[in-house]
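Visitor: Right, I'll just put the structure down here and ask away after.
A short reminder: the numbers here are calculations on the coordinates, not readings from a lab. Predicted model only: the values in this text are computed from it and were never measured. Ideal geometry is used to build each Cβ from the backbone, glycine not excepted, and the neighbour counts take in all protein chains shown.
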2 protein chains.
Amino acid sequence: MIEKRNTVTIKDVARELGIHHVTVSRALRNTGSVKKETRDQIKKKASELGYKPNRLAQNFRNKRSNVLAVVVPDLRPYFFSKFVSDFMNIAQEAGYSVMIFQSSEKTGVEKEIIDALIGYRVTGVVASVTKDTVYESHFNILRDENIPYVFFDRAPEQAEATQVLVNNFQGAYEAVVAMIKSGKRKIAYISTHYQHKIFRDRLDGYKQALKDNNLPYIKELVIKGGFFMNDGFDQAKKLMDLKEKPDGILAVRDEIGIGVIKYLKKIGFRIPEDVAVIGFDNDPMGVACEPELTTVAQSIPSMVSSSFDLLIRQINSNTLSFEKKIIEPSIIYRGSV
Amino acid sequence: MIEKRNTVTIKDVARELGIHHVTVSRALRNTGSVKKETRDQIKKKASELGYKPNRLAQNFRNKRSNVLAVVVPDLRPYFFSKFVSDFMNIAQEAGYSVMIFQSSEKTGVEKEIIDALIGYRVTGVVASVTKDTVYESHFNILRDENIPYVFFDRAPEQAEATQVLVNNFQGAYEAVVAMIKSGKRKIAYISTHYQHKIFRDRLDGYKQALKDNNLPYIKELVIKGGFFMNDGFDQAKKLMDLKEKPDGILAVRDEIGIGVIKYLKKIGFRIPEDVAVIGFDNDPMGVACEPELTTVAQSIPSMVSSSFDLLIRQINSNTLSFEKKIIEPSIIYRGSV
């Protein structure tokens with residue numbers, strides 16, 4: 001006889017009672033402030049519906065669920081599509097299935113995805129949050145169901161879950177230092193309107209490198225814009241129209257850096273002699289352009305294997321841990337510095 | 001009282017009885033040749049486990065599942081990551097959730113994914129198969145569960161499901177004609193070892209264009225290799241080392257075409273004056289190189305909207321249909337012809 005499947009979750013109990021699922025979760029775990037009357041009502045209903053709290057243990061018992069979920073903001077950028085593809089490969093080799101979700105940079109969609117994961121009875125989750133996700137709260141439902149999760153690249157600030165992050169401050173810092181070493185003195189930075197901490201960290205790294213090398217921070221040399229090649233082209237025009245033109249440009253993404261190179265070549269500037277350019281991401285597109293783009297590389301293989309290992313360790317030990325793994329980026333020198 | 005969830009599938013019935021799920025499906029639908037004794041046994045067990053055949057109708061009743069699945073061979077190539085990302089956006093706007101799977105070009109993994117989809121109770125599936133998937137049989141389980149599916153770009157040969165395909169023959173044909181019109185006479189073709197029909201169609205289009213323009217088919221000018229920029233670089237070297245060098249090169253992918261351009265520039269050939277180059281895919285990477293790469297574009301927006309519409313039409317009408325939609329490609333002229 002096969003074991004009867006149990007898919008009752010705290011969300012079912014919550015729906016049934018018209019109570020928020022966080023309240024249900026608190027009541028069932030005996031944590032937080034839930035009125036005794038409500039708590040009793042919740043426990044009664046949970047028992048009635050056959051809710052079992054420890055999904056993870058249950059999965060082990062059934063040996064049914066060996067599904068990991070990966071949630072990313074956008075599948076199009078090289079960094080995310082490469083991460084997802086590589087993660088899938090090592091997970092499959094280890095006997096896991098992987099489902100992938102895209103939040104499309106919308107916190108609302110991200111929340112819906114996380115809620116839905118409970119129903120799919122995933123064993124673990126790896127997530128990179130949207131540009132606007134500041135709080136971890138919508139991930140709590142995973143915690144409530146004892147499903148481990150790991151943030152990679154972009155985590156909510158003050159997240160309490162395990163995370164694998166890149167030292168973005170250091171990446172930008174070293175890129176600026178590399179340009180200074182090659183004789184550049186007026187280094188511009190093309191950033192993005194995105195508010196997420198990883199972009200603020202890059203900006204901070206840029207500023208600190210100037211400061212440590214006794215170069216002034218010039219407001220006009222820092223501009224923010226879109227995320228693609230044509231945005232880089234347009235931003236480069238703005239910078240090169242300045243009276244005080246930059247002799248080095250750091251771009252927050254390789255695609256933007258390539259747009260910068262295209263504009264500089266169009267107006268007859270030599271790279272790197274007149275203007276040096278560095279991007280972020282180690283996107284293969286940077287090898288397509290001429291000169292090839294020097295870039296700050298987040299090691300995707302390290303990020304994939306760390307994220308996978310830290311997730312599996314939690315799954316195997318049946319505990320949710322808090323660990324912060326920082327991956328140091330490195331500069332890949334090509335022809336643009 | 002919430003409706004009790006029912007997740008018993010034909011696979012559960014099959015597992016329980018130690019019988020292949022295709023047999024179970026046939027027995028329950030009263031189709032195909034299943035011995036009466038076995039059929040009775042299957043029906044008894046199915047009823048015992050509470051199996052309900054019409055999952056789709058059930059989903060409508062529950063209003064629970066509005067989940068679509070997208071299955072692709074590899075998320076890294078621009079074509080697939082862009083398709084998936086855009087599909088997700090229009091599906092989300094229409095109120096669907098989307099889960100994404102990567103078969104990693106392995107038919108075995110693809111089969112596992114399709115089997116697993118039954119358990120996730122998806123409403124519909126959009127799939128592009130692996131380079132080796134010739135038969136549709138592992139998709140039959142979806143048909144058995146009345147879950148509509150649409151193939152896009154790559155379909156199994158003689159598939160009986162609805163499909164949205166690109167006219168690859170015509171794309172290659174027109175690319176060769178474009179080079180002939182610009183005065184080229186010795187046109188090479190860099191293909192791939194992949195056996196899937198879409199690649200054979202491109203080769204056939206190349207051959208037919210030569211024939212229709214009274215140009216000889218020269219075996220040495222057709223070579224097969226890997227899928228990436230460095231492969232294109234290596235293949236271009238082989239072609240340019242020939243005694244009879246080509247004056248035009250068609251590449252089966254843009255990334256390969258960019259590798260070709262890089263090699264040609266390295267050895268001092270001018271593009272397009274000495275050698276013209278055309279790729280396939282309209283990958284933005286083609287804009288990063290110099291000269292920018294002329295390309296055969298499969299219209300991804302058309303493919304996404306057709307795939308979505310044809311899937312939703314089947315879901316809404318609760319029928320599985322067979323329709324073949326052919327998207328005509330177009331050449332995007334940039335600087336390499």
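Visitor: Per-residue HN-Hα couplings for segment B:318-334, Karplus 6.51 cos²θ - 1.76 cosθ + 1.60 at θ = phi - 60°, whole Hz, x for Gly and Pro?
Guide: 6, 9, 9, 10, 10, 8, 10, 9, 9, 9, 7, x, 9, 8, 9, 7, 10
Visitor: Once both axes come from the Cα atoms, what is the angle between helix B:197-212 and the longest principal axis of chain B, in degrees from 0 to 90, rounded to 10?
Guide: For helix B:197-212, the angle is close to 40 degrees.
Visitor: Now, a different point. If amide H atoms are built 1.01 Å from N in the plane of the peptide, which residues on other chains or at least 5 residues away come under 5 Å of the amide H of A:Val252?
Guide: Long-range HN contacts for A:Val252: A:Ile190.
Visitor: Okay, next question. Measuring from label point to label point, each 7 Å out along Cα→Cβ, what is the A:Lys35 to B:Ala94 span in nm?
Guide: 4.5
Visitor: Anyone know which of A:Ile198, A:Ile19, A:Ile100 comes out most mobile in the 10 Å Cα GNM of chain A?
Guide: Among A:Ile198, A:Ile19, A:Ile100, the largest mean-square fluctuation in the Gaussian network model of chain A belongs to A:Ile19.
Visitor: For each pair in A:Lys219/A:Lys245; A:Lys238/A:Lys265; A:Lys266/B:Lys184; B:Lys184/B:Lys224, compute the distance between the two Cα atoms and list the pairs where it is over 23 Å. Write down the numbers at each step before the final one.
Guide: Numbers: A:Lys219/A:Lys245 13 Å; A:Lys238/A:Lys265 15 Å; A:Lys266/B:Lys184 29 Å; B:Lys184/B:Lys224 21 Å.
Flagged as over cut-off: A:Lys266/B:Lys184.
Visitor: Residues of A:8-17, mean number of Cβ from any other protein chain within 10 Å of their own Cβ, rounded to a whole number?
Guide: Per residue, the average neighbour count from other chains is 1.
Visitor: Working from the pairwise distances between different alpha carbons, so that the mean of 1/r is found and then inverted, what is segment B:168-297's Kirkwood radius in Å?
Guide: Working: mean 1/r = 0.0713 Å⁻¹.
By the Kirkwood definition, the hydrodynamic radius is 14.0 Å.
Visitor: Give the angle, between 0 and 90 degrees and rounded to the nearest 10, that separates the Cα long axis of helix B:229-240 from the longest principal axis of the Cα atoms of chain B.
Guide: Once rounded, the angle reads 40 degrees.
Visitor: For B:256-262, what's the mean count of beta carbons from other chains sitting within 10 Å of each residue's beta carbon?
Guide: 2
Visitor: Right, here's the next one. How do B:Lys35, A:Lys106 line up, fewest other C-beta atoms within 10 Å first?
Guide: Values: B:Lys35 10, A:Lys106 18.
Ordered by Cβ neighbours within 10 Å, fewest first: B:Lys35, A:Lys106.
Visitor: Okay, helix-only estimate at 222 nm for chain A: each DSSP H run of n ≥ 4 adds -39500 (n - 2.57), divide by all residues, round to 500 deg cm²/dmol; what do you get? Show your work: numbers first, answer last.
Guide: On the way: 13 runs with 151 residues, N = 337.
After summing the helix terms and dividing by the residues of chain A, the value is -14000 deg cm²/dmol.
Visitor: Here's another thing I want to ask about it. Pick from A:Asp241, A:Asp74, A:Asp281: which is most flexible by mean-square fluctuation in a GNM of chain A where alpha carbon atoms under 10 Å apart are linked?
Guide: Looking only at A:Asp241, A:Asp74, A:Asp281, the biggest GNM fluctuation is shown by A:Asp241.
Visitor: On to the next question. Once R0 is set to 35 Å, what does the formula 1/(1 + (r/R0)^6) return for the Cβ-Cβ distance between A:Lys324 and A:Lys266, expressed as a FRET efficiency to the nearest 0.05?
Guide: 0.20
Visitor: Shifting gears a bit: Would you mind giving the mean number of other chain beta-carbons within 10 Å of the Cβ of each residue in B:79-87, as a whole number?
Guide: 4
Visitor: Against the globular-protein guess of 2.2 N^0.38 Å, express the Cα radius of gyration of segment A:69-150 as a ratio, rounded to two decimals.
Guide: Dividing the Cα Rg of segment A:69-150 by 2.2 N^0.38 Å gives 1.04.
Visitor: Let me know the volume per residue of the alpha-carbon convex hull for chain A, in Å³. Can you show the working numbers first?
Guide: Details: hull volume 46.3 nm³, N = 337.
Cα-based convex hull of chain A, divided per residue, equals 137 Å³.
Visitor: Take the Cα of A:Gln158, step 7 Å along the line toward its Cβ, and report every residue of segment A:128-149 whose backbone nitrogen sits under 13 Å from that point.
Guide: In segment A:128-149, the label zone of A:Gln158 (backbone N under 13 Å from the point 7 Å along Cα→Cβ) covers A:134-137.
Visitor: Only bridges with both residues in chain B count here: give the DSSP antiparallel percent, nearest 5.
Guide: 10
Visitor: Relative contact order, percent, of segment A:10-53 when contacts are C-alpha pairs under 8 Å separated by at least 6 residues?
Guide: Worked out over segment A:10-53, it gives 39 percent.
Visitor: Okay, next question. What is the antiparallel percent of DSSP beta bridges lying wholly in the protein assembly as shown, to the nearest 5?
Guide: Close to 10 percent.
Visitor: Let me ask you something else. Calculate, for A:Lys43 and A:Ser317, the FRET efficiency according to 1/(1 + (r/R0)^6) with r their C-beta to C-beta distance and R0 35 Å; round to the nearest 0.05.
Guide: Numbers: r = 28 Å, r/R0 = 0.80.
Efficiency computed from Cβ-Cβ geometry: 0.80.
Visitor: Calculate the dipole size of chain A relative to its Cα centre from +1 charges on Lys and Arg beta carbons and -1 charges on Asp and Glu beta carbons; express the result in debye to the nearest 20. Could the numbers behind the result be given before it?
Guide: Numbers: 49 positive and 41 negative charges, 175 e Å.
In total the dipole reaches around 840 debye.
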